[in-house]
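Visitor: Structure in structure tokens, see below.
The values are calculated or read from the model by the stated rules, or taken from the named source; none is laboratory data. Everything numeric here is computed off the predicted structure, so don't read it as measured data. Quick reminder, even Gly has a Cβ in these numbers, built from the backbone with ideal geometry, and neighbours come from all protein chains shown. Quick note on the areas: whole protein, heavy atoms, side chains included, nothing else; ligands and nucleic acids left out. Shrake-Rupley method; radii C 1.70, N 1.55, O 1.52, S 1.80 Å.
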Amino acid sequence: MSKLIRVELGDRSYNIHVAPGLLAQCGQFCRDLKLGHRCLMISDANVAPLYGHIVRESLLEAGFMPHVFVVPAGETSKSQATLSLAYDEALLHGMDRKSFVVALGGGVVGDLAGYAAATFLRGIPFVQIPTTLMAMVDSSVGGKTGINLPQGKNLIGAFHQPSAVIADLSAFTTLPDREYISGLAEVVKYGVIQDADFFASLEKNADRILAREPETLAQVVARCCECKAEVVRLDERESGLRAILNFGHTLAHAIEQAAGYGKFLHGEAVAIGMAYAAALSVSVAGLSNEAAERIIRLLEKFGLPAAVSGLNWSAVRRAMKTDKKNAGGTVRFVLAREIGRAEPGIEVSEELLEEVWNVIGQ
Ligand code: NAD
Ligand code: GLY
């Protein structure tokens, strides 16, 4: 059940370990990386009581000096105030340039801890220990780190690759259903943008995935990490190809903003955004109706929304304009040519944007 995926990035290459029971081995993994003595383990108030002691003990046993910093659970911790507290804790603990950061938690902790590591003393190593499905298949891999500003999400950030990703599948036993299902949106995304066979295997194994069957999950998480690792290898800094990872995200970000952050989980908004992008793809990218229907059926099978109500188009459209991925005021979409093949940067007319919204935005 154990999988190893390598992210090939020259001297910034690293391994992603996927298996149950890895938390207790994280000290050993860190020792193999020849990291410095002191480390700051950042976790959140839900995850720390569940898994913090296992990670801390493993680090101690391996000869490290961990200092634990627990932040409130939720998006509000991706803030300048919490980041500043993380720097305080690191200094208090006597961290130097050889020290490292451990991120134990979901994407919030991973983004915050990664950015703290990217900037503290001009950059120190960090290890990602993701505990949500979203973090295992997406946010812990690829080196995007950052925090939010009051003006918008992820407006401050840096590319900083982790030294390793340790994905312990046992963490799924405590993950709430809604969070787990939200992560499945990103799983579906990889099938749509990169791998038609994987998409078909998701359709076939949907019940096993929903039942969190460990062997199936090991395959799913590993395949998603392989897909992401390949894109990141080819385009680490998102000069082109990497944008395909944003399939469904243009509308998703707009929905999250227009509805008010917190109403939708990120994956839920991505699912609606993928249904929207699939419909646009039928109109302008040659995706067949049948393929678009398969995408929507799979999202619905997983219990994800493929439509939304109660949001006003002009508010959503306005929010789309503030998406930081826009180029020169035009909204550009990642669209699917077929299941397994997506293309970034496709312009869509204003009329079509609204026409398709009228179908899924009721
Ligand atoms: P999250 O980190 O807020 O975690 C979701 C909730 O689950 C939290 O309440 C957390 O405490 C709890 N939790 C985590 N693991 C648990 C476990 N095993 N058992 C019980 N509870 C657990 O949310 P997320 O969905 O993991 O990540 C969302 C964040 O990730 C957003 O800030 C988003 O911007 C970011 N993100 C970043 C990237 C990237 O490439 N850097 C990609 C996607 C998303
Ligand atoms: N989550 C999108 C990316 O890593 O590029």
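Visitor: Which pairs do you get when a residue that is on the phi > 0 side of the Ramachandran plot, found in region 303-320, comes within reach of a residue that is open to solvent by 20 Å² or more (accessible area, probe 1.4 Å), reach meaning Cβ atoms under 6 angstrom, with the pair 6+ apart or on two chains?
Guide: Gly303/Ile181
Visitor: Pairs, please: C-beta under 6 Å, at least 6 apart or cross-chain, first residue under 24 Å from Ala269 (Cα atoms) and among the charged types (D, E, K, R) and in region 166-180, second crowded, with 20+ Cβ neighbours inside 10 Å and modelled with pLDDT of 95 or more?
Guide: Here the result reads Glu179/Thr132, each pair linking region 166-180 to a residue that is crowded, with 20+ Cβ neighbours inside 10 Å and modelled with pLDDT of 95 or more.
Visitor: Criterion first (closer than 21 Å to Glu203 by Cα, of a type in the set (D, E, K, R), open to solvent by 10 Å² or more (accessible area, probe 1.4 Å) and more than 22 Å from the chain's Cα centre (by Cα)) does Glu300 satisfy it?
Guide: So Glu300 fails the test.
Visitor: Suppose the filter is away from ligand 2 (no atom under 16 Å from the Cβ) and farther than 29 Å from Ala307 by Cα; does Ala171 pass it?
Guide: Yes, satisfied.
Visitor: Could we say that Leu280 is within 23 Å of the chain's Cα centre (by Cα) and open to solvent by less than 20 Å² (accessible area, probe 1.4 Å) here?
Guide: no
Visitor: Next up: Can you pull out every residue in region 46-86 that is touching a residue at least 24 places away in the same chain (Cβ under 8 Å), open to solvent by less than 60 Å² (accessible area, probe 1.4 Å) and in a helix (DSSP H, G or I)?
Guide: Those that are touching a residue at least 24 places away in the same chain (Cβ under 8 Å), open to solvent by less than 60 Å² (accessible area, probe 1.4 Å) and in a helix (DSSP H, G or I): Val47, Ala48, Tyr51, Gly52, Ile54, Val55, Ser58, Leu59, Ser77, Thr82, Leu83, Ala86.
Visitor: Do you know which residues across region 87-125 are assigned to a helix (DSSP H, G or I), in contact (Cβ under 8 Å) with a residue 60 or more places away in the chain and of a type in the set (Val, Ile, Thr)?
Guide: Matches in region 87-125: Val108, Val109.
Visitor: Quickly run through region 252-281 and pick out the residues that are of a type in the set (A, V, I, L, M) and touching a residue at least 60 places away in the same chain (Cβ under 8 Å).
Guide: Result: Ala254, Ile255, Ala258, Leu265, Val270, Ala271, Ile272, Met274, Ala275, Ala278, Ala279, Leu280.
Visitor: Being assigned to a loop (DSSP other than H, G, I, E, B), among the polar types (S, T, N, Q), open to solvent by 10 Å² or more (accessible area, probe 1.4 Å) and more than 8 Å from ligand 1 (Cβ to nearest atom), is that true of even one residue in region 126-145?
Guide: Looking through region 126-145, none of the residues is assigned to a loop (DSSP other than H, G, I, E, B), among the polar types (S, T, N, Q), open to solvent by 10 Å² or more (accessible area, probe 1.4 Å) and more than 8 Å from ligand 1 (Cβ to nearest atom).
Visitor: Name every residue in region 208-250 that is of a type in the set (Asp, Glu) and either over 19 Å from the mean Cα position of the chain (by Cα) or crowded, with 23+ Cβ neighbours inside 10 Å (or both), in order of residue number.
Guide: Matches in region 208-250: Glu213, Glu215.
Visitor: Quick check on my filter: what residues within region 169-207 are among the acidic types (Asp, Glu) and either more than 12 Å from ligand 1 (Cβ to nearest atom) or open to solvent by less than 10 Å² (accessible area, probe 1.4 Å) (or both)?
Guide: Those that are among the acidic types (Asp, Glu) and either more than 12 Å from ligand 1 (Cβ to nearest atom) or open to solvent by less than 10 Å² (accessible area, probe 1.4 Å) (or both): Glu186, Asp195, Asp197, Glu203, Asp207.
Visitor: Another question about this same structure. Would you tally the residues in region 87-125 being open to solvent by less than 10 Å² (accessible area, probe 1.4 Å), over 26 Å from Leu265 (Cβ atoms) and small (Gly, Ala, Ser)?
Guide: Final tally of qualifying residues: 2.
Visitor: Just to verify a result, which residue in region 141-159, among those that are of a type in the set (A, V, I, L, M) and at pLDDT 95 or above, is nearest to ligand 2 (Cβ to nearest atom)?
Guide: Val141
Visitor: If you don't mind, there's one more thing I want to ask. When only residues in region 155-167 that are in contact with a Phe, Trp or Tyr (Cβ under 8 Å, 6 or more places away or on another chain) and open to solvent by less than 10 Å² (accessible area, probe 1.4 Å) count, which is farthest from ligand 1 (Cβ to nearest atom)?
Guide: Ala164
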